[in-house]
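Report on the following structure.
The values are calculated or read from the model by the stated rules, or taken from the named source; none is laboratory data. Bear in mind that the values here come from a model prediction, so they are computed numbers and not experimental data. As a convention, Cβ positions derive from the backbone with ideal geometry for all residues, glycine included, and neighbour counts pool all protein chains shown.
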């Protein structure tokens, strides 16, 4: 049942940046949140930093661009 629910979730084209460049992948909202949390990445929707705890499907549906970028760390 859970697999059916996961398959019915809308997917979004997400640009994922890392030290080797960037890749475009299809992700659901829960996958975006989990990936950002696990990799400590920042989520940008239309060049605006968003908090993943408040990220909604409506924001993603209206977005022209969704990007996961590595978080910046100062002082290292």
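Points worth noting:
- Looking only at segment 31-63, and only at residues there that are touching a strand residue (DSSP E or B) at 6+ places or on another chain (Cβ under 9 Å), at pLDDT below 95 and assigned to a loop (DSSP other than H, G, I, E, B), the one that is nearest to residue 20 (Cα to Cα): 40
- Test result for residue 34, free of Cβ contacts under 8 Å to residues at least 24 places away in the same chain, over 11 Å from the mean Cα position of the chain (by Cα) and within 20 Å of residue 9 (Cα to Cα): no
- Residues that are exposed (fewer than 13 other Cβ atoms within 10 Å of the Cβ) and in contact with a helix residue (DSSP H, G or I) (Cβ under 7 Å, 6 or more places away or on another chain) within segment 26-62 comprise 37, 57, listed in sequence order.
- All positions within segment 7-23 that are farther than 18 Å from residue 71 by Cα and in a strand (DSSP E or B): 12, 13
- Scanning segment 11-25 turns up no residue that is out of contact with any strand residue (DSSP E or B) (no Cβ under 7 Å at 6 or more places or on another chain) and surrounded by 10 or more Cβ atoms within 10 Å (Cβ to Cβ).
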